[in-house]
Amino acid sequence: MLTIRDLRKSYPAPGGGPAQAVIDVPSFELGAGAEVCLAGRSGSGKTTFLNLIAGIQRADAGSIELCGSDLVQLGESARDAFRARHIGYVFQTFNLLDAYSALENVLLGMLFGPGPDRGFAKELLGELGLGDRLGHRPHQLSIGQRQRVALARALANKPQLVLADEPTGSLDPARAAEALELMRRACAEHGAALLLVSHDQSVIGSFERSLDLAEINRAASGVGSTGGAA
Ligand code: ADP
Ligand code: MG
């Protein structure tokens, strides 16, 4: 479903030095419905990698084939449209719109996909335990509840792939485990593959398949990059 080849991304060095390679991934694949945790120390390129897959950032070179399209070849507006239809993204800081209710945040996400479906939006929020919080705005919700709204929004357009960036980072350990379980169950029930990024050992350890970004990323330097992935 997702096939990445020779993916490269550099950032210009502050002050105008040579560009610094952050991502140099020869090969990465994810099957339909797969569930994978991508580990890696802070600054190793995890968020950049997810943003490239989501088409939020543009790769310098390589290919990202998802559901039959190569995202690297698409222009910005085509990438936006593609993302809305095929990818759900749970951002590290959720990126909910505070002027809108939980339900409206999910409906807004649907505007860019197949279109708003109030019934399905309510159903998703209900499944995620927010049936009595539909009219609450993000600041009226706990962090865990906000994260569940973000998850509902990510699933709203029935994506084939859900990306989640350190989704449990701002939750205490008990809540984090619960939230993670819910996220995995919801993705499985809705038929979405899950690619989750984390540097938290308890999160990483709970996945059957996890790998360190350094194992696939030749741009990773320092500790962990020479670990000899099989
Ligand atoms: P992670 O999510 O693993 O912490 P990031 O993908 O956020 O890593 O960042 C990887 C590296 O790229 C870091 O060294 C960071 O400083 C650098 N970086 C990230 N975004 C930019 C940017 N917009 N411009 C320049 N450097 C950046
Ligand atoms: Mg990050």
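The values are calculated or read from the model by the stated rules, or taken from the named source; none is laboratory data. Here the structure is a predicted model, which means the values were calculated and not measured. A quick note on method: Cβ atoms are made from the backbone with ideal geometry, for glycine too, and the neighbour counts reach across all protein chains shown. Note: areas computed on protein heavy atoms with side chains; ligands, DNA, RNA excluded. Shrake-Rupley method; radii C 1.70, N 1.55, O 1.52, S 1.80 Å.
Some observations on this one:
- Scanning region 185-201 for residues that are open to solvent by 10 Å² or more (accessible area, probe 1.4 Å), of a type outside the set (K, R) and over 13 Å from L38 (Cα atoms) yields A188, E189, H190, G191.
- Of the residues contained in region 38-56, none is found to be touching a strand residue (DSSP E or B) at 6+ places or on another chain (Cβ under 9 Å) and more than 16 Å from ligand 1 (Cβ to nearest atom).
- The set of residues in region 172-209 that are within 16 Å of ligand 2 (Cβ to nearest atom) and either in a loop (DSSP other than H, G, I, E, B) or of a type in the set (S, T, Y) (or both) comprises S198, H199, D200.
- For G40: the one exception among (1) of a type in the set (G, A, S); (2) within 22 Å of G88 (Cα to Cα); (3) more than 16 Å from ligand 2 (Cβ to nearest atom): (3)
- Residue match in region 91-102 (condition: within 16 Å of ligand 1 (Cβ to nearest atom), open to solvent by less than 40 Å² (accessible area, probe 1.4 Å), assigned to a loop (DSSP other than H, G, I, E, B) and polar (S, T, N, Q)): no
- Against the conditions (1) surrounded by 15 or more Cβ atoms within 10 Å (Cβ to Cβ); (2) not in a strand (DSSP E or B), G119 satisfies every one except (1).
- Which numbered condition G109 fails, given (1) buried (at least 18 other Cβ atoms within 10 Å of the Cβ); (2) more than 17 Å from A186 (Cβ to Cβ); (3) modelled with pLDDT under 95: (2)
- Residue list for region 2-47, restricted to those being part of a loop (DSSP other than H, G, I, E, B) and open to solvent by less than 30 Å² (accessible area, probe 1.4 Å): A13, A34, G40, S44, G45
- Every pair of residues 6+ apart whose Cβ atoms lie under 8 Å, when the first sits in region 196-222 and is under 23 Å from P173 (Cβ atoms) and without any contact (Cβ under 8 Å) to a residue 40 or more places away in the chain while the second is open to solvent by less than 50 Å² (accessible area, probe 1.4 Å) and of a type in the set (G, A, S): D200/A176; S202/A176
- Near pairs, Cβ below 8 angstrom, 6+ apart or cross-chain, from region 26-53 (in contact (Cβ under 8 Å) with a residue 24 or more places away in the chain and hydroxyl-bearing (S, T, Y)) to any residue that is in a helix (DSSP H, G or I) and open to solvent by less than 20 Å² (accessible area, probe 1.4 Å): S44/L213; S44/A214
- So D165, is it farther than 23 Å from T47 by Cα and either surrounded by fewer than 22 Cβ atoms within 10 Å (Cβ to Cβ) or touching a residue at least 24 places away in the same chain (Cβ under 8 Å) (or both): no
- Of all positions in region 65-83, at least one carries a residue that is open to solvent by 40 Å² or more (accessible area, probe 1.4 Å), in contact with a Gly (Cβ under 6 Å, 6 or more places away or on another chain) and either closer than 18 Å to S10 by Cα or not in a strand (DSSP E or B) (or both).
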